[in-house]
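Asks: Here you go, one structure.
The values are calculated or read from the model by the stated rules, or taken from the named source; none is laboratory data. What you are looking at is a predicted structure, and each value in this text was computed from that prediction instead of being measured. Heads up, the Cβs are rebuilt from the backbone with ideal geometry, glycines too, and the neighbour counts pull from every protein chain shown. Areas reflect the complete protein model, heavy atoms only, side chains present, ligands, DNA and RNA absent. Shrake-Rupley method; radii C 1.70, N 1.55, O 1.52, S 1.80 Å.
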Amino acid sequence: MSIIVDNTDVMDLISFEDYKNDLSALGKRLKVQNLRTLMLFGKYHGNFVKTFRGLFREARALRAIFLSGASYSVDDLLPNFSNLVHLRYLRIKSVYNEDLCLPSALFSCYHLEFIDLEEWGGSFGSTSQMGKLIKLRHFFVPKRNAEVHSSIFGVGKLKSLQELRRFEVGKETKGFELSQLGELSELEGSLGTYNLEKVQNEGEANALKLIQKNHLHKLTLEWDNSGINPDAKHEENVLESMVPHKNLQDLCIQGNRGDNCPSWLGGCLSVENLESLSLRDVSWNKLPPLGDMWFIDDLGVESQGRISTLSFQCLKRLELVKIPGLTKWVGNGTCHFFSHLEVVSIEDCPELVELPFSHPTCHQAKQEENMTLFPKLRDLKITDCPKLSSLPPIPWTLVPCSVEVKRVGCVFGNLSYSLNFMEESSLTIRGKGGQDRMFRSVLNDLGARKGLRMPEEKGQNDMSWNVLNFHILANLKRLDMKNCPPMPLILLQRLKSLKTLTIYGMGTVLLQFEGESHSIGCSLPVEHIIITKCGANGEELTQFLSYLPKLVKLHIHSCPKMTGLGVVEHQPTIMAAVPTSSPSTSAHKSEHPQDGHDQQHTRGGDEIASATQGLLLLPPQLQELHIWSSAELRLLSSSLGNDNARDGLQSLCTLRTLEIRGCPKFLSSSASSCFPFPASLRNLSLGRVEGMETLDFLSNLISLTDLSISYCQDLRGGGLWPLVEQGCLTELCLIETPKFQFFTGWELLLPHDEERHSYSSKLKSLRTDHLAGVLTLPICSLLSSSLTKLNFYENKEVERFTEEQEEALHLLNSLQELQFSYCEKLQRLPAGLAKLINLKILRIWHCPAIQVLPEDGLPSSLQELLISRCPSIKSLPKDALPSSLRRLKVFNGISEELKSQCRKLRGTIPIIKDY
């Protein structure tokens, strides 16, 4: 039997009750005693667990059970699980909730052959008694819970078991001998054998009988030598005795301290059909036949470690991790397996200087030729190889591939190339020694201004960018650079598909120019740029943006040298719009001060020059602008005397979204009577901006739909009403504006109560910590017909609502969603919530002082109640939950009493979530 619970079955209480009635009717017709298969599907089928419990109470003949989306312990569904003596198949996919438990009688179902808990999100309890399930063939668990396999006592009794991901030798004094695995002759999935340092002799190793496991797919052999002095010869002999079958496809050896590679993996290669080989933290001075390997010993003597002319025939994946003596890995004529390799991972090889596809003396063309030896390579990872100074060209193929390079001996500290979640090619580059490189950029910049040029570090630019194959990167969509040397403009131009560019931690120079002729008429296709912690001033940023004619989204974070903000009038002449100071003129004025008037004029000129250097002129086509944490940034005023820019951002005629945060002086240069922002704005967010006393300067924003004001300590009030009453404002957020008089001036517009009905607003959503300012009769009366969402957020003072505030709240007839978030001292919710006749959602987040919900009940229209991180609430209102309630969520930091009460309500409310 298969039962599917659709979302429509819990859409409302009527649908919920109808489905329960259908299940009851089914129970009358169904001969449950003869049921062989039970499958339950649907995200919310757990809300019918009480009904299912009664329906399947007498099901004793079940052979197969599949529960998909379970949100309950199995015993809650099948209390007679111990009677399911015929059960062969059990699969459970559950929500993640550690309170969920497996059936207590699971290990009494002696006929079980298949247990699939790979998507089980509850607790496993003890699996020590699983040895009783002697017919078990498959036992799947999540990868994060592989230790569940290692806890099976006497696993050798499970002779039909086909996979054992983890077995720990000697975990206990009995039942965990290596010979236990010798009995598992039908293993065909993976076998992980750990703590092999506890193997006493070769005879015990032979008892593993790996050579007989001809269906085994993956084998892991691991020694843990932490804290002990290993016996190298003993470990070498033990590994030599563990000869796997030639059909093995995936082999991982870790921690072995022997001196030599085992013969079955080297000179007498018997596993030549391997598809994946991983060698981790081994002390061998010779590796398997992977080409010519060179090693260095403790005395600094380098020797070749090639041990065989044989070669792997099907190797697709190779991992070499923590091989301390490995210095070179080079190809030779017998390395035919190179053509099969798809994945190569080299990690933590401190002496490595050469790889088959990267030779330190090869030019780029030769590197590309070397990569032809690896036609199927799609995934390359190289990390923690500090002496490896040469890399293959990245990317080396037009076919989608993945590259990760970290902490190698080139300029870059981290390089990652892959497809992002949108299936677009993305390249991330992180420099190393970023602060030194930034300081060098500053010196280069200062030298250039004086007609000097700082000498480049030898090979710096070649090693920085030659590793990238710009021909193939023409399809690159996203580039992230952090603490990198500036990229030459001529190279950046080759990224013809680049849409998003991120720059982090660079100095004053963002682009490197090979010559003046290269910069004339250049343009880049970038549409979105993010600049963070950059040492460039406004003038230099302006020059950089002049190469981005398609730029529509701009994010600038923490650029302290950017002190002014304006808009360039004519994008094609932007270079002319950025004045540059003349060193000769400046020197002349310094050498010939004639009088005090000239000195004053010089100081004024320096101030203008300094202000101009800090001025960023924005391209007029911007649609989104976000600026964070620029303490000295001021919006442009006419005092700078720049004829090419207008006051404010009025010229950004297509700007839709503007966010200014952490820029306290942003509006200090704008006259209070002007309108600094364009009328095209739809979304405006101002945070930690000083000097705003009113919002009158926003009255021209007739298209504004979303306004957020936070941490603006000087804001008192005024100017908000025109946006609400005359404009398009639908969403408003006001947080941490302590002096603000909410909607100052409204009462003046409404002198008589009888006239209030003629005024209305379009405001639908309000988020604020100003409870006292909002909950007044005039305000709530004006918002009564429009406001649908109200969130009281981060109020740190209010403990209780006054009667006047409660009365005002009751006027919000259109309110559909009410939320209380992070109100630390609030002890109880306002009384009379039942009067909010259209309220559908009530959410209470992180209000630790609230102890009880309103005793006078909740609105009869309520459909969702959410309580999270409110540990003082012990119970729901007795007999006061409305019949309309469709969804009840109580989770994260709630009391056990409340959680228990919610579980008892299962079957009475369509959707209950307590995890």
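Asks: I'd like to verify a number: residues in the range 265-306 that are polar (S, T, N, Q), over 19 Å from GLU222 (Cα atoms), assigned to a loop (DSSP other than H, G, I, E, B) and open to solvent by 60 Å² or more (accessible area, probe 1.4 Å), how many?
Replies: So the count comes out to 1.
Asks: Right, another one. Report every pair of residues separated by at least 6 positions or lying on different chains whose Cβ atoms are under 7 Å apart, first residue within the range 699-721 and of a type in the set (D, E, K, R), second open to solvent by less than 20 Å² (accessible area, probe 1.4 Å).
Replies: These pairs meet every condition: ASP714/MET692; ARG716/PHE740.
Asks: What number of residues in the range 65-118 are open to solvent by 20 Å² or more (accessible area, probe 1.4 Å) and of a type in the set (A, V, I, L, M)?
Replies: 3
Asks: Shifting gears a bit: What number of residues within the range 410-421 are open to solvent by 20 Å² or more (accessible area, probe 1.4 Å) and touching a strand residue (DSSP E or B) at 6+ places or on another chain (Cβ under 9 Å)?
Replies: Adding up the residues that qualify gives 6.
Asks: Within the range 17-61, track down each residue that is of a type in the set (A, V, I, L, M), closer than 22 Å to VAL95 by Cα and open to solvent by less than 30 Å² (accessible area, probe 1.4 Å).
Replies: Scanning the range 17-61 gives LEU38, LEU40, VAL49.
Asks: I would also like to ask the following. Quick one: LYS874 ticks every box in (1) open to solvent by less than 80 Å² (accessible area, probe 1.4 Å); (2) within 39 Å of the chain's Cα centre (by Cα) except a single one, so which number is it?
Replies: (1)
Asks: Now, a different point. In the range 877-896, what residues are in contact (Cβ under 8 Å) with a residue 60 or more places away in the chain, open to solvent by 40 Å² or more (accessible area, probe 1.4 Å) and in contact with a strand residue (DSSP E or B) (Cβ under 9 Å, 6 or more places away or on another chain)?
Replies: Of everything in the range 877-896, just one residue is in contact (Cβ under 8 Å) with a residue 60 or more places away in the chain, open to solvent by 40 Å² or more (accessible area, probe 1.4 Å) and in contact with a strand residue (DSSP E or B) (Cβ under 9 Å, 6 or more places away or on another chain), namely ARG886.
Asks: Can you tell which of VAL32, VAL95, VAL74, VAL5 is aliphatic (A, V, I, L, M) and in contact (Cβ under 8 Å) with a residue 60 or more places away in the chain?
Replies: Only one candidate qualifies: VAL95.
Asks: Name every residue in the range 715-730 that is surrounded by fewer than 17 Cβ atoms within 10 Å (Cβ to Cβ) and modelled with pLDDT of 85 or more, in order of residue number.
Replies: CYS728
Asks: Would you pick out the residues in the range 658-692 that are of a type in the set (D, E, K, R), surrounded by 16 or more Cβ atoms within 10 Å (Cβ to Cβ) and closer than 16 Å to THR737 by Cβ?
Replies: Residues satisfying the conditions are ARG661, ARG688.
Asks: Related question: Between a first residue in the range 647-658 that is farther than 7 Å from PRO678 by Cβ and in a loop (DSSP other than H, G, I, E, B) and a second residue that is of a type in the set (Gly, Ala, Ser) and open to solvent by 10 Å² or more (accessible area, probe 1.4 Å), which pairs have beta carbons less than 8 Å apart while being 6 or more apart in sequence or on different chains?
Replies: ASP647/SER637; ASP647/SER638; ASP647/SER670; GLY648/SER670; SER651/ALA645; THR654/SER680; ARG656/SER680
Residues checked against (1) within 17 Å of ARG906 (Cα to Cα); (2) among the aliphatic types (A, V, I, L, M):
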residue: ILE3; (1), (2): no, yes
residue: LEU13; (1), (2): yes, yes
residue: GLN33; (1), (2): no, no
residue: ARG36; (1), (2): no, no
residue: HIS45; (1), (2): yes, no
residue: TYR72; (1), (2): yes, no
residue: PRO79; (1), (2): yes, no
residue: LEU90; (1), (2): no, yes
residue: LYS93; (1), (2): no, no
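Asks: OK, next. Tell me whether the range 113-136 contains one or more residues that are outside any loop (DSSP other than H, G, I, E, B), basic (Lys, Arg) and more than 26 Å from GLU240 (Cα to Cα).
Replies: Checked against the condition, which is being outside any loop (DSSP other than H, G, I, E, B), basic (Lys, Arg) and more than 26 Å from GLU240 (Cα to Cα), the range 113-136 yields at least one hit.
Asks: Restricting to the range 831-871, name every residue that is of a type in the set (S, T, N, Q) and either over 38 Å from the mean Cα position of the chain (by Cα) or open to solvent by 10 Å² or more (accessible area, probe 1.4 Å) (or both).
Replies: Step one: of the range 831-871, the residues of a type in the set (S, T, N, Q) are 838, 851, 860-861, 863, 868.
ASN838, GLN851, SER860, SER861, GLN863, listed by residue number.
Asks: Ok, one more. Take the residues in the range 376-409 that are hydroxyl-bearing (Ser, Thr, Tyr) and within 22 Å of the chain's Cα centre (by Cα); name whichever of them is least open to solvent (accessible area, probe 1.4 Å).
Replies: Applying the filter and picking the extreme gives THR383.
Asks: Which members of the range 235-250 meet the condition of being within 23 Å of GLU172 (Cβ to Cβ) and surrounded by fewer than 19 Cβ atoms within 10 Å (Cβ to Cβ)? Show your work before the answer.
Replies: Of all residues in the range 235-250, those within 23 Å of GLU172 (Cβ to Cβ) come to 235, 238, 242.
Result: no residue meets the conditions.
Asks: Do the conditions hold for LEU905, that is, is it without any contact (Cβ under 8 Å) to a residue 40 or more places away in the chain and either open to solvent by less than 70 Å² (accessible area, probe 1.4 Å) or farther than 19 Å from PHE820 by Cα (or both)?
Replies: Criteria met by LEU905.
Asks: Of the residues that make up the range 811-818, is at least one farther than 22 Å from GLU864 by Cβ and either hydrophobic (A, V, I, L, M, F, W, C) or in contact with a Pro (Cβ under 7 Å, 6 or more places away or on another chain) (or both)?
Replies: Among the residues of the range 811-818, at least one is farther than 22 Å from GLU864 by Cβ and either hydrophobic (A, V, I, L, M, F, W, C) or in contact with a Pro (Cβ under 7 Å, 6 or more places away or on another chain) (or both), which makes the answer yes.
Asks: So the check is Cβ under 6 Å with 6+ separation or different chains; which pairs have a first residue in the range 461-489 that's over 16 Å from GLU423 (Cα atoms) and of a type in the set (S, T, N, Q) and a second one that's open to solvent by 40 Å² or more (accessible area, probe 1.4 Å) and modelled with pLDDT under 90?
Replies: Close Cβ pairs (under 6 Å, with a partner that is open to solvent by 40 Å² or more (accessible area, probe 1.4 Å) and modelled with pLDDT under 90) amount to ASN466/GLN364.
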